[in-house]
Amino acid sequence: MSELHRNSPAEGEEERLGFVHENLEGWIPSVSTDAEIREALEKAFDYRGDLTITLKSGQKVEGYLFDRKIKGPSLSECFVRLMLKDGGEKVSIAYSDVAALAFTGRDTAAGKSFAAWVKRYNEKKAAGETNIGIEAESLE
């Protein structure tokens, strides 16, 4: 049986539930090749904070990446959609227009995984706390 389906972890063993949420906050990936652009924008899609994209024109666009469309093999056929930080307007940006990318906003999902919740729950239970339900923490 896989680690994920065990009934109880061994004493002192790290929880293996959920998944590791990669800390990308502040990361400025290299986007010098097609593969690097694709990889960085894929990670950006899973990121729960604002990004700053510098276009080849020099313009900087800051906002939340909420969608991507991969329509073909060339970068000019692939797009990300951002909700702009100032005003919520939605814009599309072709992968081929990306000159630089920075993960500039706070990642609201960092530390909010199920594994982190289980760890906090077990700590409270071990400390003798009662009425420790399954309420989620606020993302803010």
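A few remarks follow.
- For region 25-38, the candidate set comprises residues that are part of a loop (DSSP other than H, G, I, E, B) and of a type in the set (Gly, Ala, Ser); within that set, the residue that is nearest to residue 101 (Cα to Cα) is 30.
- Single residue of region 39-58 satisfying the filter (more than 14 Å from residue 103 (Cβ to Cβ) and touching a helix residue (DSSP H, G or I) at 6+ places or on another chain (Cβ under 9 Å)) that is surrounded by the fewest Cβ atoms within 10 Å (Cβ to Cβ): 57
- Region 26-63, residues that are under 12 Å from residue 82 (Cα atoms) and of a type in the set (Val, Ile, Thr): 52, 53, 61
- Residue match in region 3-18 (condition: in a loop (DSSP other than H, G, I, E, B), of a type in the set (A, V, I, L, M), surrounded by 14 or more Cβ atoms within 10 Å (Cβ to Cβ) and modelled with pLDDT under 85): yes
The values are calculated or read from the model by the stated rules, or taken from the named source; none is laboratory data. All figures in this text were calculated on a predicted structure; none of them were measured in a lab. Backbone-built Cβ (ideal geometry, glycine too); neighbour counts: all protein chains shown.
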